[in-house]
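To keep things clear, I will list the structure first and then write my remarks on it.
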Amino acid sequence: MSTMNTEHVVRTFVEYFEDRGHRRITGSSLLPPPGDPVLFTTSGMHPLTPYLEGRPHPLGRRLVNVQRCLRTTDLEEVGDDTHLTVFEMLGTWSLGDYGSSQSLGWGHDLLVNGFGIDQGLLYATVFGDDEHSGPDTESLRTWEELGVPVELTTEENWWSNGPTGPCGPDSEIFIWTGDTPPRSTPTGDERWVEVWNHVMMRYRRRGDGTLDLLPRPNVDTGLGLERLVAVLQGKGSVFETDLFEPWRGSAPSLWQLEERSLRLVCDHLRSSIVVIGDGVLPSNTGRGYVLRRLIRRVLTTLWRVDPSRTLGDLPEEPVRHTLDHFGQPGHTGSVRDVLLDEERRFTRLLERGRRVLSRPRYSGPLTEDDYSHLHDTHGLPRDLVRGLRGGTPG
């Protein structure tokens, strides 16, 4: 298997599809366009929604890109081997051009012949059927012809962007990461790691759940860069890849933490830097609140072991590496200023919270009225109050 670095992986992916008629589009920032109700871009397809709905794209019907994404739905999973808050998605799109068989065939070819992954380490999942749609026979037939084992599922292999709108079956490609020969199936063993999802947008779901065929079906694929790099570099987790080398080189000696906490600190700081680099500042609402929550989770983790720790100890190298990797022109000094200012605000909030909670009124169990009063009068969020009373603020 290849041991190429992240930059080489991205270049190989993009050039492979450019050679097959795809035009590279610029990856958007984490911030969706004005008027979009979503706080952050959560998937590679998000910025392309109008074109998936039928608007002609100025660069044609075959596209490829690298898109940074942020998801808060997996925050509690961060610290395991595969989940990150900010991550990158390698994406391809067929806007009414080729179908699932061609997409899956190219995906298989790139993984096996382009990246050198052993065919025997691959497994695919394909949509079986439900009360609204039959099985995805085209994808199933394609995998059988390619000699890749297939598991049929239902909910896990149906993609939709909400209760109504474009939707369709998807086929996910998994790679075996265990230290034994492959066993079981992707739903039966977590050592099968999903890396690439191919969505066949063939339908539009109505409000009553029925499906209409789209006049122009699309194929939308997303390949998780960090997960793929971990596999190609033979690493046990995304945190051991070259993307995290500057963090792994400085954070462990700076802050002695158990492994999962160290991963959370590195992930949340790196993610905070990217969010700041895209122009967001900490606040009590919206995007700023997400950033504030990330930074305060870092501080809570650090202070749980040693209250004297400070983000001022963070060296410049991992900050610069992160900004450079994501193509953000900001100065490391200004990013560090934002982090330190938020640290000072959180310190003052904790001090005020401890003073308020030491009052006799709050010595017993707290009621809903207590939580509301603490928030509205003293600016103390519920999770912070619970943390202060339990010894783990934030």
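The values are calculated or read from the model by the stated rules, or taken from the named source; none is laboratory data. Fair warning: this is a prediction, and the values are worked out from it, not measured in the lab. For neighbour counting, all protein chains shown are included, and Cβ atoms are generated from backbone atoms with ideal geometry for every residue, glycine included. Quick note on the areas: whole protein, heavy atoms, side chains included, nothing else; ligands and nucleic acids left out. Shrake-Rupley method; radii C 1.70, N 1.55, O 1.52, S 1.80 Å.
Odds and ends about this structure:
- Subset of region 129-160 that is of a type in the set (D, E, K, R) and surrounded by 19 or more Cβ atoms within 10 Å (Cβ to Cβ) - its residue that is farthest from Tyr203 (Cα to Cα): Glu151
- The listed residue being at pLDDT 85 or above and of a type in the set (Asp, Glu), out of Asp306, Asp376, Asp383: Asp306
- Residues being in a loop (DSSP other than H, G, I, E, B) and in contact (Cβ under 8 Å) with a residue 40 or more places away in the chain - total across region 29-50: 8
- Residue check for Leu339: assigned to a loop (DSSP other than H, G, I, E, B), within 22 Å of Leu294 (Cα to Cα), among the aliphatic types (A, V, I, L, M) and open to solvent by less than 30 Å² (accessible area, probe 1.4 Å): no
- Selection of first residues in region 12-23 that are free of Cβ contacts under 8 Å to residues at least 12 places away in the same chain and of second residues that are surrounded by fewer than 14 Cβ atoms within 10 Å (Cβ to Cβ) and among the small types (Gly, Ala, Ser), restricted to Cβ pairs under 9 Å at least 6 apart or on distinct chains, gives an empty result.
- Checked against the criterion of being of a type outside the set (S, T, N, Q), modelled with pLDDT under 95, in contact with a helix residue (DSSP H, G or I) (Cβ under 8 Å, 6 or more places away or on another chain) and within 20 Å of Met45 (Cα to Cα), region 141-164 contains not a single residue that satisfies it.
- Every residue from region 76-98 that is of a type in the set (A, V, I, L, M, F, W, C) and either touching a Lys or Arg at 6+ places or on another chain (Cβ under 6 Å) or open to solvent by less than 10 Å² (accessible area, probe 1.4 Å) (or both): Val78, Val86, Leu90, Trp93, Leu95
- Considering region 343-380, and only residues there that are closer than 28 Å to Leu302 by Cα, of a type outside the set (Gly, Ala, Ser) and assigned to a loop (DSSP other than H, G, I, E, B), the residue that is nearest to the chain's Cα centre (by Cα) turns out to be Leu380.
- Qualifying residue in region 56-74 (condition: open to solvent by 40 Å² or more (accessible area, probe 1.4 Å), on the phi > 0 side of the Ramachandran plot and touching a strand residue (DSSP E or B) at 6+ places or on another chain (Cβ under 7 Å)): no
- Residues of region 82-113 classified as among the charged types (D, E, K, R) and in contact with a helix residue (DSSP H, G or I) (Cβ under 7 Å, 6 or more places away or on another chain), total: 1
- Out of Leu254, Leu243, sole residue that is farther than 13 Å from Thr85 by Cβ and surrounded by 21 or more Cβ atoms within 10 Å (Cβ to Cβ): Leu243
- Subset of region 1-28 (residues that are assigned to a loop (DSSP other than H, G, I, E, B), at pLDDT 85 or above and of a type in the set (A, V, I, L, M)): Met4, Ile25
- Against the test of being open to solvent by 80 Å² or more (accessible area, probe 1.4 Å), out of contact with any strand residue (DSSP E or B) (no Cβ under 7 Å at 6 or more places or on another chain) and of a type outside the set (Val, Ile, Thr), the options Arg24, Arg11, Arg20 yield a single qualifying residue, Arg11.
- Among residues of region 300-312 that are of a type in the set (S, T, N, Q), those with a Cβ under 8 angstrom from a residue that is modelled with pLDDT of 90 or more, sequence gap 6+ or separate chain, pair up as Thr301/Leu257; Thr301/Ser261; Thr301/Leu264; Thr301/Val265; Thr310/Leu340; Thr310/Glu343.
- Tabulated pairs, region 157-178, first within 15 Å of Asp212 (Cα to Cα), second in a helix (DSSP H, G or I), C-beta under 8 angstrom, 6+ apart or interchain: Pro166/Leu52; Pro169/Ser139; Pro169/Asn157
- Conditions (1) of a type in the set (A, V, I, L, M, F, W, C); (2) touching an Asp or Glu at 6+ places or on another chain (Cβ under 7 Å); (3) at pLDDT 95 or above; number of the one not met by Met200: (3)
- Subset tally (residues that are in contact with a His (Cβ under 9 Å, 6 or more places away or on another chain), over 19 Å from Val112 (Cα atoms) and either open to solvent by less than 20 Å² (accessible area, probe 1.4 Å) or assigned to a strand (DSSP E or B) (or both)) for region 161-219: 6
- Considering region 303-329, the residues that are assigned to a helix (DSSP H, G or I), hydrophobic (A, V, I, L, M, F, W, C) and open to solvent by less than 40 Å² (accessible area, probe 1.4 Å) include one that is farthest from Val66 (Cα to Cα), namely Leu311.
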